[in-house]
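Contents: one structure, followed by commentary.
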Amino acid sequence: MSTTHLSEQEVIRREKRLALEKLGINPYPAAAFPVTHTALGIREHFSEENKEQFADISLAGRIMSIRDMGKASFAVLQDHTGKIQIYVKRDDMCPGEDKELYNTVWKKLLDIGDIIGVKGYGFITKTGEISIHVTSFTVLSKSLKPLPVVKEAEGQSFDAVTDPEFKYRQRYVDLIINPQVRDTFVKRTRMINAIREFLNEQGALEVDTPVLQSIPGGAAARPFITHHNALDIPLYLRIANELYLKRLIVGGFQWVYEFSRNFRNEGMDRTHNPEFTILEFYVAFKDYFWMMQTTETLMERLALALHHSTDVPCGDKILNFKAPFKRVSIYEAVKEHTGIDISEMDEQDLKDVCKQLHIETTPDMGRGKLIDNIFGEKCEKHYIQPTFIIDYPVEMSPLTKKHRSKPGLVERFELMINGKEIANAYSELNDPIDQRERFEEQARLMERGDEEAMFIDHDFLRALEYGMPPTSGIGIGMDRLCMLLTNQPSIQDVLFFPQMRPEKGVGESIQAHS
């Protein structure tokens, strides 16, 4: 391998690797290392009174710092639970005449970032720090790249990596040096587990539906297109799983749910990533009133599970997840924040309102898209505390049942929190004739140039013709919800590997081999 592109530190680390091999030490041994304790377990449970329980410790982790004191050293080892100090004394590790293991391997050939296994016993230093007195160590993985240096003092980190380009592209390094990042993703898993537990308690059935679909249905969004070679047909990465889950309700399931990985070929910003996760669930014989109550209960439970309180910090605000949540109709919201009643307006009137409010429009926008733009631009940001925006116009909701008492509206709500949509739910449309007409209206919008209009899904219409019971369904954005519950400002901070432009050189290499 050419070393011309390597930094001085990278060259030195490679030389140390070769030096280890010359000493007969494999820097990447195949054998497993037996681990009996964790850093957190030792820190939380060790005491002078029970030190006999920690007389034979075997622990593996990454070296995060080393303080050389001549014939002894202190180092910090980090495993998946956190950090712990280790103490290495030359004459304890090398009791005979041969001191090479300490003088050469430990002091000269190991670096910050190397992964080692240590054996020893627990003790408390004169300064009161719980530590491990090392009697032997094993090199498990030599790190050939230096970690960014993070200094710590008085419980605070300094010089921690904050550059988003580095953090998101090299998340593995971000996770090593920033413990709070690991905590965010642990909380994400706890959030999803709490949701799954809630749904399973209610008797819901978790299912899987296709990611590759012949029609990108269930939402208004621009899809990613691919090609299936064996079938010689175009396929779409799913933009939603809604229509498949409703097919299962037709088939007789009572309550189904799926954590759906969806893909939308649209813009990227603080709350949008082209690949994202949504929880969708559908329940037979329920309506959107029941769904609002269930959603409130679920959100309150999640806040308690992660924060042991219904008050959740979010930036400089405190969000209150205590049920019940406020309910506001979309027309009331627009009137409150613009002073304009749009409830009886047609398409041209709405375009005039958009012009008056300095909201951009395009010729392909129908009545539904215009209302959506007005709400998004002028109203959405005002709903900080959890609020249900309810009773949407029929033009905005092609898959939703018409309102039982309000002509021109549908039984739909969106849950707004901190100025963003977190969930979207309906009393589901189960009239196949009405559904076909709604799809045909979407087709007309597509002909006008609306790239987000829905396709006509003939198989889904066929399924409805067999009869779907009254049903309520919801989609909850897991990434946005995780942002709120972990107090993160950007969707990229709750995704391990958010989408990014290829690195210069890397992308060119991929294209050259494609």
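The condition of being free of Cβ contacts under 8 Å to residues at least 24 places away in the same chain and in a helix (DSSP H, G or I) holds for only one of 248, 231, 304, 298, that being 304. Looking at this structure, is residue 364 open to solvent by less than 10 Å² (accessible area, probe 1.4 Å), touching a residue at least 40 places away in the same chain (Cβ under 8 Å) and of a type in the set (Asp, Glu)? Answer is no for this residue. Among the residues making up the stretch 225-249, those that are open to solvent by 40 Å² or more (accessible area, probe 1.4 Å) and among the aliphatic types (A, V, I, L, M) are 225, 230, 231, 233, 237, 248.
In the stretch 286-316, of all residues being in contact with a strand residue (DSSP E or B) (Cβ under 6 Å, 6 or more places away or on another chain) and over 27 Å from residue 255 (Cβ atoms), the one that is most open to solvent (accessible area, probe 1.4 Å) corresponds to 311. Here residue 19 meets each of (1) within 20 Å of residue 134 (Cα to Cα); (2) in contact (Cβ under 8 Å) with a residue 40 or more places away in the chain; (3) not aromatic (Phe, Trp, Tyr) with one exception, condition (1).
Looking at 355, 322, just one residue is part of a loop (DSSP other than H, G, I, E, B) and among the basic types (Lys, Arg), and that residue is 322. Restricting the stretch 455-481 to residues that are in a loop (DSSP other than H, G, I, E, B) and either modelled with pLDDT under 95 or of a type in the set (A, V, I, L, M) (or both), the residue that is farthest from residue 236 (Cα to Cα) is 468.
For the stretch 182-224, the tally of residues that are of a type in the set (Val, Ile, Thr), over 24 Å from residue 494 (Cβ atoms) and buried (at least 17 other Cβ atoms within 10 Å of the Cβ) stands at 1.
In the stretch 354-368, which residue that is out of contact with any Lys or Arg (no Cβ under 6 Å at 6 or more places or on another chain) and among the charged types (D, E, K, R) is farthest from residue 342 (Cα to Cα)? Looking at residues that are out of contact with any Lys or Arg (no Cβ under 6 Å at 6 or more places or on another chain) and among the charged types (D, E, K, R), I get 360. Restricting attention to the stretch 415-442, the residues that are open to solvent by 20 Å² or more (accessible area, probe 1.4 Å) and either of a type in the set (Gly, Ala, Ser) or part of a strand (DSSP E or B) (or both) total 4. Number of residues in the stretch 391-409 that are crowded, with 23+ Cβ neighbours inside 10 Å and either at pLDDT 95 or above or closer than 30 Å to residue 488 by Cβ (or both): the value is 1.
Scanning the stretch 332-344 for residues that are assigned to a loop (DSSP other than H, G, I, E, B) and open to solvent by less than 40 Å² (accessible area, probe 1.4 Å) gives 340, 342, 343. Surrounded by 14 or more Cβ atoms within 10 Å (Cβ to Cβ), at pLDDT below 95 and more than 28 Å from residue 248 (Cα to Cα): which single residue out of 484, 445 fits that description? That would be 445, the only listed residue that is surrounded by 14 or more Cβ atoms within 10 Å (Cβ to Cβ), at pLDDT below 95 and more than 28 Å from residue 248 (Cα to Cα).
Let's see how each residue does on (1) within 37 Å of the chain's Cα centre (by Cα); (2) of a type in the set (Gly, Ala, Ser); (3) at pLDDT 95 or above:
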site	(1), (2), (3)
7	yes, yes, no
11	yes, no, yes
55	no, yes, yes
85	yes, no, yes
88	no, no, yes
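Taking the criterion of being under 18 Å from residue 416 (Cα atoms) and touching a Ser or Thr at 6+ places or on another chain (Cβ under 6 Å), the residues of the stretch 335-391 that qualify are 378, 390, 391. Taking residues in the stretch 317-331 that are open to solvent by 70 Å² or more (accessible area, probe 1.4 Å) and at pLDDT 95 or above, and partners anywhere that are assigned to a strand (DSSP E or B) and among the hydroxyl-bearing types (Ser, Thr, Tyr), the pairs with Cβ atoms closer than 6 Å and at least 6 places apart or on different chains are 326/387.
The values are calculated or read from the model by the stated rules, or taken from the named source; none is laboratory data. These numbers were taken from a predicted model, which means no experiment stands behind them. Virtual Cβ from ideal backbone geometry, glycine too; neighbours counted across all protein chains shown. Protein only, heavy atoms only, side chains kept; ligands, DNA and RNA dropped before computing areas. Shrake-Rupley method; radii C 1.70, N 1.55, O 1.52, S 1.80 Å.
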